[in-house]
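Rule-based calculations on the coordinates, nothing more; no lab input. Treat the numbers as computed from the prediction; the structure is a model and nothing was measured. No Cβ is skipped: glycine too gets one built from the backbone with ideal geometry, and neighbour counts run over all protein chains shown.
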Amino acid sequence: MACAGTWNVRLRILGMPGNSKLQLRIYRTLDELQEIRPQWEDLLSSYPLSTTFSTWEWLSAWWRAFGGNQELLVIGAFNFESRLIGLLPLSITRVRVGGFLPLKLLRLMSDGSQDSDNLDLPIRPGLEEEVTSCFMKYLKENKPLWDICQLNTMPSSSPMGATLTRQLTNEGWALETHRRISCAIPLPATFAEYVQQLSSEDQKNIGRYTRRLEKRYATRIYRCSQKHEVLRALDAMFELHQARWQAVGEKGSFGSAQRRKFYHELSELLLERGWLELWALELDSVIAAVQYAFRYGTTVFQLQEGFDSSRSSDRVGFVLRGKVLEQLITDGVQKYDFLAGPPGYKARWSAQPGCYHDLHFAPPFSLGASYLKFVNDAARSKEWLRAHLPKSAWRALHWVNPSARRQSPKKRDLAGEG
């Protein structure tokens, strides 16, 4: 199916002839996107996999904080009635690989800062084939805009992801897919049922540590529902999180003014919608633990947290999570999503493993295709070495590679909880 393009003053519009009369509109600024917010929300209400990460609130706050060195390229797909049937929130980032090879990366709009997971391309059910076909036609006609498309942390069940993978394969495009581990807790109807899923030791610990805290301190656990509470809890989380990472020789992700700005603006927007799940635990009026999450539908996404490591024996993070889960179950939440990262300590909370998919592709016989092949050949060589070298030799090789040793103190990557 061919897409014919015309330009108007602000948007590029591509019409697809035939029964569908599908039209693509290209948005280059947040002001332009603002105009379709009602249709955007209507689209998300019809998309079964909608999450906070596909909302105006998340994407606009992220773009204002991190989008300064990127170009916005959001594609809206409209039917013959000018109804929004799909949204592809993308951006273009220019990079230099190895300091000399210039590449233009087409990415999902809030990818790149390591704050976002579950990024998706919401489409009204049943229209994935049409939207994908016109999207690929647009990519072919606009090759000078991009070299490689990287769609990272897409849900494994994304209909658009599956359709795009199939069409790319059928047309012989360079394509690489990767998996990222995630985990979440399916929540039962009652907290009593949930506690039964835990180990016998943790079943006792939830009550034991809470009672011990209440004996030692004036203890208060609460969800932040007022702006002043939010600001105070955010400041505490930044400080606690930073102190934890700096104690192990890392800078800490909240040393970034951009990230603090993002969390402040995002929190204000989520609070206004009633989606913010920012919880604090106070001991003698001092915040000792904070957990930052947000709710969309019947799912709560746990993004960040911080706790006073000097009070680790009081298990403040453990007590706070237990109380939060108890209240969320009472409120009818059905899923507590830890997002990306291995289960680790989360397994003790009955978290079940899942995954996200990274989808990387480029046109055949292009610079992007060559680069994808080079990167993946190098990765396969690394895996071969890991499998065949003696462990001592692999450890030595790993140590002399600075990038392999470097660990970024990003979002949820905590070794445990207090």
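Across the alpha-carbon set of the stretch 77-221, the Rg to Rh ratio works out to 1.18, Rh being the Kirkwood radius. Three semi-axes describe the equivalent ellipsoid of the stretch 184-354; taken as square roots of 5 times the Cα gyration tensor eigenvalues and ordered largest first, they are 24, 20, 17 Å.
So how much slack lies between residue 334 and residue 298, counting 0.36 nm per residue of separation and subtracting their Cα-Cα distance, in nm?
Between residue 334 and residue 298, full extension yields an extra 12.4 nm.
Label separation (residue 227 vs residue 190): 4.2 nm, computed from points 7 Å beyond Cα along the C-beta direction.
Sequence-ordered 3J(HN,Hα) estimates for the stretch 70-81 from the Karplus curve with 6.51, -1.76 and 1.60 and θ = phi - 60° stand at 10, 10, 6, 8, 9, 10, x, 9, 10, 8, 5, 8 Hz, glycine and proline given as x. The shape of the stretch 110-185 can be summarised by an equivalent ellipsoid whose semi-axes, obtained from the alpha carbon gyration tensor, come to 22, 16, 12 Å from longest to shortest. A simple spin-label model places pseudo-atoms 7 Å from Cα toward Cβ; at residue 366 and residue 176 they are separated by 1.6 nm.
How big is the charge dipole of the stretch 85-171 about its Cα centre, in debye rounded to the nearest 20, if each Lys and Arg gets +1 on its Cβ and each Asp and Glu gets -1 on its Cβ?
Details: 9 positive and 10 negative charges, 76 e Å.
For the stretch 85-171, the charge dipole is close to 360 debye.
Segment residue 248..residue 313, full-extension length gain: 21.5 nm, with 0.36 nm per residue of separation and the alpha-carbon distance subtracted.
Working note: Karplus 6.51/-1.76/1.60 with θ = phi - 60° gives the stretch 317-332 the couplings x, 5, 4, 4, 4, x, 5, 4, 4, 4, 5, 5, 5, 4, 7, x Hz, where Gly and Pro are set to x. For the stretch 153-276, the Cα-based Rg and Dmax, in that order, read 21.5, 67 Å.
The calculated P(r) of the stretch 225-305, using every Cα pair and 5 Å bins from 0, goes 3, 15, 25, 25, 18, 10, 3, 1 in percent. Counting only alpha carbon atoms, the long axis of helix 367-388 and the longest principal axis of the chain meet at about 40°. Could you work out how far helix 128-141 tilts from the main Cα principal axis of the chain, as a 0 to 90 degree angle to the nearest 10? Long axis of 128-141 versus the principal axis of the chain: about 60 degrees. What the Cα atoms of the stretch 4-171 give is an Rg and a Dmax of 15.3, 48 Å.
Go ahead and estimate [θ] at 222 nm for the chain from helices alone: -39,500 (n - 2.57) per DSSP H run with n ≥ 4, summed, over the residue count, rounded to 500.
Numbers: 13 runs with 162 residues, N = 418.
Mean residue ellipticity at 222 nm (helix-derived): -12000 deg cm²/dmol.
Taking θ as phi - 60° and the Karplus parameters 6.51, -1.76 and 1.60, the scalar couplings of the stretch 92-97 work out to 10, 10, 9, 10, 10, 7 Hz in sequence order, x denoting glycine and proline. Note on the chain: along the principal axes its Cα atoms extend 72, 58, 39 Å, ordered by decreasing extent. Summarising the strand pairing of the chain, around 90 percent of its internal DSSP beta bridges are antiparallel. Spacing of the modelled spin labels on residue 258 and residue 284, each 7 Å from Cα toward Cβ, amounts to 4.0 nm.
When you filter the chymotrypsin sites (Phe, Trp or Tyr not before Pro) in the stretch 32-121 for DSSP loop state and at most 15 other Cβ atoms inside 10 Å of their Cβ, you are left with 80, 100. Length, then width, then depth: along the principal axes, the Cα atoms of the stretch 213-260 run 35, 28, 10 Å. If you plug the beta carbon distance of residue 352 and residue 94 into 1/(1 + (r/R0)^6) with R0 = 30 Å, you get a FRET efficiency near 0.15.
Binning the C-alpha pair distances of the stretch 292-331 at 10 Å intervals from 0 yields a P(r) profile of 25, 50, 21, 4 %, listed from the shortest bin outward. Between the helical axis of 56-66 and the longest alpha-carbon principal axis of the chain there is an angle of about 90 degrees. Gain on full extension, evaluated as 0.36 nm per residue between residue 140 and residue 162 minus their Cα-Cα distance, stands at 6.0 nm.
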